[in-house]
Amino acid sequence: LQAAGSSHLDCKRRPLASQHLVAMAATMSATLHTGAKMPLLGLGTWKSKPGEVKAAVEHAIKVGYRHIDAAFVYGNENEVGEGLQAAMATGVTREEIFVTSKLWNTRHHAEDVKPSLMESLQALKLDYLDLYLIHWPVCFKLNEKKENMPKNEDGSMQYDVVPFEETWRELEKLVDEGLVKAIGLSNFNSQQVDEVMGFARIKPAVLQVECHPYLNQEPLIEHCRKHNIVITAYSPLGSPDRPWAKEGEPSLLDDPKIKAVADKFGKSNAHVCIRFQIQRGIVVIPKSVTPSRIEDNMKVFDFEMTEEDLNVVRGFHNGWRACVPAIPGPDGKDVPRDASHPFYPFNIPY
C-alpha cells in the first residue's frame, strides 16, 4: 500500500486477528516528509461537546488510539488537553501520541499566528504540536471581541484577505522554534496547495479535507501525492450529526450500496467508509464521544477489501459535500456562504 503523500505505509495486507486491532490502530501509519509517523486512525473532536470530550479522548487513548485531531475553533481544546493529561498519567508518553491543531480564520495575520498557537498549546497542556494546519484558506477579520465568526450588522461575515505567504512564514518560524513538528493545510484546493508549495521553505506535510465515498477526492489525492503531501480525511462518515443536516440529504451510514459491500465482510457501513480510506493510505479521523463507538471504529484492521471492492466504493462518488458553510440564497435555497471570498476553495473541481 502507498500512503497518499509519502510513500511508505506501515501495514500488512493480510486480514488480522481481532486481538491485533489495538496494536494496529497505534502503529499503522503514514510517514510524513519530516520522517514522522502519523497514525492512520485518529479521533476527531469537532462537534464534541464540553463535558464529553475529555472522557472521549481519555477512552480513545486507553483503547489504542494514538492520534487526536483538535482545533482552536472547536472550543474544546481545554477538555482535549485534560483527556490527554489523564491518558498520559496512566503511562502513555507524549511522544506516543500524535496531536494536530489548526489556526483559525481570524488569525491569519503574521502577528496573530504564534499567539494563537500558544493559546492552543496552553489549552491542550502541551509543549509542542505534532502538526499545525491552516484551517481554511478563507480569512475573517479579528475584531475587538475576538469573535470566531465576526459578522456585519446585516449578518454577513466580516472577511479579510491575508496572503497565504504571510501566514505560512509564521508557521515555518513555529517549526524553527520547536513549537510544532510539522505544518500543513486544511480545505485548500489543488491550485492553493501549488501556490504554497511555490514559496514554502518548509513544505506542507498534510492536507486535511472532507473525504468519504460520496467525495472520494481521488484527483486531489493524486495531486498531493506528487508533492509528497499526506491526506487526512475529515467527516469520513459524512458528518451525520452536522447541525445543518436536512431531510433527504445523502446518508453514508444508511446507503444500501455501501451496506452490500459491508455485508460481504460482516461489517457496518461505518467500517467500510473508514477502511476505504485506510486502504488508500489516507489518514482518517472519525469523531465520536461514545465509548462503544470509539472502540467500534477501530474494528477496521481485521478485514481487507479487494481492489474490486474499492472500485465499487469509488463508484459511489457524486461530489456531495457535507461541510460547506451555507446561507439562504435569494430563492430560499442554501448557497455557499463564503463563495464570494477570493480564497474560497470550492470554485474549481479540486
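The values are calculated or read from the model by the stated rules, or taken from the named source; none is laboratory data. Just so you know, these numbers come straight off a predicted model, no measurement behind them. Glycine gets a Cβ as well: all are built from the backbone with ideal geometry, and neighbour counts include every protein chain shown. When the accessible area is computed, the model is the full protein with side chains, heavy atoms only, and any ligands, DNA or RNA have been set aside. Shrake-Rupley method; radii C 1.70, N 1.55, O 1.52, S 1.80 Å.
Things to note:
- The chain - Kirkwood radius from inverse mean 1/r over Cα pairs (Å): 20.5 Å
- Here the chain exposes an accessible surface that is 52 percent carbon and sulfur, computed with a 1.4 Å probe and the other protein chains kept in place.
- Size of the range 25-152 as Cα extents on the principal axes (Å, biggest first): 46, 36, 22
- Volume of the Cα convex hull of the range 132-199, divided per residue and given in Å³: 106 Å³
- Semi-axis lengths, Å, the range 201-296, gyration tensor of Cα atoms, sqrt of 5 times eigenvalues: 25, 15, 14
- For the chain, the 222 nm mean residue ellipticity estimated from helices alone, with every DSSP H stretch of n ≥ 4 adding -39500 (n - 2.57) and the total spread over all residues, rounds to -9500 deg cm²/dmol.
- Exposure ranking of E144, E308, E210 by accessible area [1.4 Å probe, largest first]: E144, E308, E210
- Distance between the range 114-133 and the range 304-338 - C-alpha centres, whole angstrom: 31 Å
- Cross-link partners of K141 among aspartates and glutamates, defined as those whose alpha carbon lies under 19 angstrom from its own and excluding same-chain residues fewer than eight positions apart: E111, D112, E119, E153, D154, D160, E165, E166, E170, D338.
- Taking all pairs of distinct alpha-carbon atoms in the range 189-245, Kirkwood radius in angstrom: 12.4 Å
- Dipole moment magnitude, nearest 20 debye, the chain about Cα centre, only Lys, Arg, Asp, Glu C-beta charged: 760 debye
- Flagged links, alpha-carbon separation over 30 Å, of K226/K257; K114/K246; K257/K299: K226/K257; K114/K246
- Nearest-10 value in Å² for the accessible area of K37, using the 1.4 Å probe: 110 Å²
- Sequence-distant contacts, meaning Cα pairs under 8 Å at least 6 residues apart, place the relative contact order of the chain at 21 percent.
- The calculated Kirkwood hydrodynamic radius for the range 14-99 is 13.4 Å, given to one decimal from all distinct C-alpha pairs.
- For the range 257-350, the convex hull spanned by the alpha carbon atoms encloses 157 Å³ per residue.
- Accessible surface ranking that places the most exposed of F343, F140 first, with a 1.4 angstrom probe: F343, F140
- Within the same chain, aspartates and glutamates fewer than 8 places from K259 are excluded, and of the rest, those with a Cα less than 18 Å from its Cα are E249, D296, D302, E304, E307, E308, D309.
- In this structure, the residue pairs whose Cα-Cα separation is over 32 Å, taken from K47/K146; K37/K173; K62/K173; K151/K181, are K62/K173; K151/K181.
- The chain - accessible surface per residue (Å², probe 1.4 Å): 42 Å²
- What separates the Cα centres of the range 31-91 and the range 231-285 is a distance of 21 Å.
- Model label points for V63 and F199, set 7 angstrom from Cα along the Cα-to-Cβ axis, are 4.5 nm apart.
- Computed lengthening from K47 to D334, 0.36 nm per intervening residue step minus Cα-Cα distance: 101.2 nm
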